[in-house]
Amino acid sequence: DTGVSQNPRHKITKRGQNVTFRCDPISEHNRLYWYRQTLGQGPEFLTYFQNEAQLEKSRLLSDRFSAERPKGSFSTLEIQRTEQGDSAMYLCASSLAGGAGNQPQHFGDGTRLSIL
Amino acid sequence: AQSVTQLGSHVSVSEGALVLLRCNYSSSVPPYLFWYVQYPNQGLQLLLKYTTGATLVKGINGFEAEFKKSETSFHLTKPSAHMSDAAEYFCAVSDGSDYGGSQGNLIFGKGTKLSVKP
């Protein structure tokens, strides 16, 4: 178990640029979640995948946000035309399928995005 | 809709003192409840969880929490604080189901930052 890996750890970019983050889940986990955490707040659910299927995406913050998990392994989260308000920590978590009670989520260390 | 309220954004205790972090939840379905800890620039680590059964649950690092349905609370305690406990703590709720169709996503409180004084 090598844990959930997120890259990059930090991303600094200018407003208006596109950014992409990568998440590598624990290998046998078929569920993958993305959360956003802003300063002084708890993580906020964005979207999740079961294998390659994106089963919930209505919580994505705007149409500038999109996520993929093309082969049911790693996932990417893209933000287009970044805005100041996108500055946050983006967290990825993975688990086996099922409810949260029996299949706890394992979190990565996050990607911190700073918009200049 | 489910929600979590953590009372006190910052709690400070002396080393060796009791730690009490408060969490109240709102849920229209039987909840599953969780406490996570986050150290600076790191992800979240699961401390403990309540699903069903015994209402007093024990977790890692000497922490425990008690589910009180009548009070809709799930407060986190530790009898004796250690310097290494200084971190931010998050309470979370999920819908209380374990079937494959459950989303399983977590709804978090705003967090409580714990400081431990020597």
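The values are calculated or read from the model by the stated rules, or taken from the named source; none is laboratory data. No experiment lies behind these values; they were computed from the predicted model shown. Cβ coordinates were reconstructed from backbone atoms using ideal geometry, including for glycine residues, and neighbour counts include every protein chain displayed.
Restricting region B:48-58 to residues that are surrounded by 18 or more Cβ atoms within 10 Å (Cβ to Cβ) and not hydroxyl-bearing (S, T, Y) leaves a set whose member that is farthest from the chain's Cα centre (by Cα) is B:V57. Can we say B:G111 is within 14 Å of another protein chain (Cβ to nearest Cβ), modelled with pLDDT of 95 or more and surrounded by 17 or more Cβ atoms within 10 Å (Cβ to Cβ)? Yes. Filtering region B:98-109 for residues that are within 10 Å of the chain's Cα centre (by Cα), hydrophobic (A, V, I, L, M, F, W, C) and within 30 Å of A:P8 (Cβ to Cβ) leaves a non-empty set. A:F65 satisfies every condition listed in (1) among the hydrophobic types (A, V, I, L, M, F, W, C); (2) surrounded by fewer than 17 Cβ atoms within 10 Å (Cβ to Cβ); (3) away from every other protein chain (no Cβ under 14 Å) except (2).
Hey, can you tell me all the residues within region A:44-60 that are among the hydroxyl-bearing types (S, T, Y) and closer than 19 Å to A:F107 by Cβ?
Looking only at region A:44-60, we keep the residues that are among the hydroxyl-bearing types (S, T, Y), and these are A:47-48, A:58.
Passing the criteria: A:T47, A:Y48.
Taking the criterion of being small (G, A, S), more than 15 Å from B:Y89 (Cβ to Cβ) and part of a strand (DSSP E or B), the residues of region B:11-58 that qualify are B:S14, B:S26.
Quick grid of which residues meet (1) closer than 24 Å to B:G59 by Cα; (2) of a type in the set (V, I, T); (3) modelled with pLDDT of 95 or more:
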residue: A:Q41; (1), (2), (3): yes, no, no
residue: A:Y48; (1), (2), (3): no, no, no
residue: A:Y90; (1), (2), (3): no, no, yes
residue: A:G98; (1), (2), (3): yes, no, no
residue: A:L116; (1), (2), (3): no, no, no
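Given the condition surrounded by 15 or more Cβ atoms within 10 Å (Cβ to Cβ), within 11 Å of another protein chain (Cβ to nearest Cβ) and within 15 Å of A:I79 (Cα to Cα), answer yes or no: does some residue in region A:38-58 qualify? The answer is yes, given that some residue of region A:38-58 is surrounded by 15 or more Cβ atoms within 10 Å (Cβ to Cβ), within 11 Å of another protein chain (Cβ to nearest Cβ) and within 15 Å of A:I79 (Cα to Cα).
Count of region B:59-73 residues, restricted to those that are over 20 Å from B:L106 (Cα atoms) and either free of Cβ contacts under 8 Å to residues at least 12 places away in the same chain or part of a loop (DSSP other than H, G, I, E, B) (or both), is 2.
If you filter region B:23-38 down to residues that are surrounded by fewer than 17 Cβ atoms within 10 Å (Cβ to Cβ) and away from every other protein chain (no Cβ under 13 Å), you find that the one that is farthest from the chain's Cα centre (by Cα) is B:S28.
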